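Visitor: Structure incoming, see below.
The values are calculated or read from the model by the stated rules, or taken from the named source; none is laboratory data. This structure is a prediction, so every number in the text was calculated from the model and none was measured. In this analysis, Cβ positions are derived from the backbone assuming ideal geometry, glycine residues included, and neighbour counts consider all displayed protein chains.
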Amino acid sequence: MTADVLVTALDAVSDAVLVCDRQGAVLLANRPARELFGTGVPGSRAEVLRHPLGVAAREHQLPSGAVVVISRTRAPLALAERERQAIEQALNESSWQLALAARRLGISRTTLWRRLKQYGLNRPGPMAARV
């Protein structure tokens with residue numbers, strides 16, 4: 001596997017991943033890690049683990065002896081937040097046709113109306129008054 005393929009694969013991961021050599025020097029930081037640490041990506045494994053963003057990091061020993069330090073870039077979404085996002089997606093995909101969105105979500109229109117009120121979701125644009 002070439003370095004370019006590895007970088008591309010790691011950039012697709014949503015967690016911040018830093019690959020270190022056996023001595024602890026950071027060899028590679030994926031896109032989420034670069035965004036997380038900004039321009040000041042730590043130069044060593046020890047610096048990563050001491051950094052406030054690296055406190056919750058998990059380490060994995062690889063067969064080659066290198067260490068990958070993984071740090072969550074985002075907290076897992078709460079169930080309510082995932083539900084709100086699913087409702088928004090269904091509404092946008094159905095052009096805010098509530099009956100169609102409710103069918104796609106597998107809920108009744110009444111439940112969808114309640115969720116719209118609960119999450120404060122309103123139809124975007126000039127048609128907002130009709131929701």
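Visitor: With respect to Ala12, determine if the residue is free of Cβ contacts under 8 Å to residues at least 12 places away in the same chain and surrounded by fewer than 16 Cβ atoms within 10 Å (Cβ to Cβ).
Guide: Yes.
Visitor: Continuing with the same structure: For region 1-71, which strands (runs of 3 or more DSSP E) that fit wholly inside it have 3 or more residues that are modelled with pLDDT of 80 or more and among the hydrophobic types (A, V, I, L, M, F, W, C)?
Guide: 16-20, 26-29
Visitor: Quick check: anything in region 87-97 modelled with pLDDT of 80 or more, assigned to a helix (DSSP H, G or I), surrounded by fewer than 11 Cβ atoms within 10 Å (Cβ to Cβ) and not assigned by TED's automatic domain parsing to the domain that holds Ser14?
Guide: no
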